[in-house]
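The values are calculated or read from the model by the stated rules, or taken from the named source; none is laboratory data. Quick caveat, the model's predicted, so the values are computed rather than measured. Here the Cβ positions follow ideal geometry from the backbone for every residue, glycine too, while neighbour counts run over all protein chains shown.
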Ligand code: IPE
Ligand code: IPE
Ligand code: MG
């Protein structure tokens, strides 16, 4: 009788170079404890701190975190306002810790929709950390992949209409240059917490060949050990990119 193949053992050298996380489950974490949703978001910010530190320790070159989507504006006004308040607090209080950890912070999303003081804090935080090279930390705020793709399409369409760009010159590389992630490598691994198994408008173009790992842990409970487990799962996968492996 043929024996079942042994699971591939994790290759400790096989990346990932870019881990992206859909940080989900703050509300359910709070609900399970009879607390208001904002308490879950607060604990979620603590998890961000742990995971950024953990990513540095695990020598992951790039970490991208989905913090607020273009669709999250549809939540009740008081929750949106709590989230924006936490974001302000995070940008001001965490920047020194990020800087000490050698992290370069970049915010990805439509800044036009954010309050002026938050836009200023983002610019200050990016400026303060821009020369750091140990770890890239991208935080997606007011980010939606469809919005991003439409913006890129509009920019290119205008250039074509003005006669500055032949339509035939629009290939994947040219298109990527107009995305908010221009110049960044695509995520190798996307982790979503809280048991939901969907993309929710996150990096649709960039995740074309990402490995997806869904974990039941709610985001406020997520830590370095969960990150390590997801990376171990990633290393057991065979990436084929449409080929035969
Ligand atoms: C993730 O937690 C944080 C944001 C999307 C802003 P949720 O707030 O979505 O938590 P659940 O999904 O309701 O548990
Ligand atoms: C995705 O989570 C967005 C972020 C983590 C910022 P949501 O909680 O908004 O996604 P859905 O509504 O469950 O798809
Ligand atoms: Mg959610």
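General observations
- Filter result for the condition that a residue is surrounded by fewer than 16 Cβ atoms within 10 Å (Cβ to Cβ) and away from ligand 1 (no atom under 15 Å from the Cβ), over 121, 117, 147, 136: 117
- Qualifying residue in region 90-100 (condition: touching a strand residue (DSSP E or B) at 6+ places or on another chain (Cβ under 9 Å) and either in a strand (DSSP E or B) or closer than 27 Å to residue 147 by Cα (or both)): yes
- From the options 55, 20, residue that is at pLDDT 95 or above, within 13 Å of ligand 2 (Cβ to nearest atom) and within 20 Å of the chain's Cα centre (by Cα): 20
- Looking only at region 25-36, and only at residues there that are assigned to a loop (DSSP other than H, G, I, E, B) and surrounded by fewer than 20 Cβ atoms within 10 Å (Cβ to Cβ), the one that is farthest from ligand 2 (Cβ to nearest atom): 34
- A single member of 172, 178 is closer than 25 Å to residue 62 by Cβ, surrounded by 13 or more Cβ atoms within 10 Å (Cβ to Cβ) and out of contact with any strand residue (DSSP E or B) (no Cβ under 6 Å at 6 or more places or on another chain), and it is 178.
- Among (1) surrounded by fewer than 15 Cβ atoms within 10 Å (Cβ to Cβ); (2) within 16 Å of ligand 1 (Cβ to nearest atom), the one test that residue 72 misses: (1)
- Residue among 15, 27, 54 that alone is in contact with a helix residue (DSSP H, G or I) (Cβ under 6 Å, 6 or more places away or on another chain) and within 26 Å of residue 133 (Cβ to Cβ): 54
- Residues of region 37-75 that turn out to be within 14 Å of ligand 3 (Cβ to nearest atom) and in a loop (DSSP other than H, G, I, E, B), as a count: 2
- Hits in region 77-86 (condition: within 11 Å of ligand 1 (Cβ to nearest atom) and over 20 Å from the mean Cα position of the chain (by Cα)): 79, 82
- Region 133-245 holds helices (runs of 4 or more DSSP H) entirely within its bounds, and those carrying 3 or more residues that are within 26 Å of residue 111 (Cα to Cα) and in contact (Cβ under 8 Å) with a residue 24 or more places away in the chain map to 145-161.
- Only listed residue being at pLDDT 95 or above and on the phi > 0 side of the Ramachandran plot, chosen from 243, 195: 195
- Looking at 199, 191, just one residue is within 14 Å of ligand 2 (Cβ to nearest atom), touching a strand residue (DSSP E or B) at 6+ places or on another chain (Cβ under 7 Å) and more than 17 Å from residue 28 (Cα to Cα), and that residue is 191.
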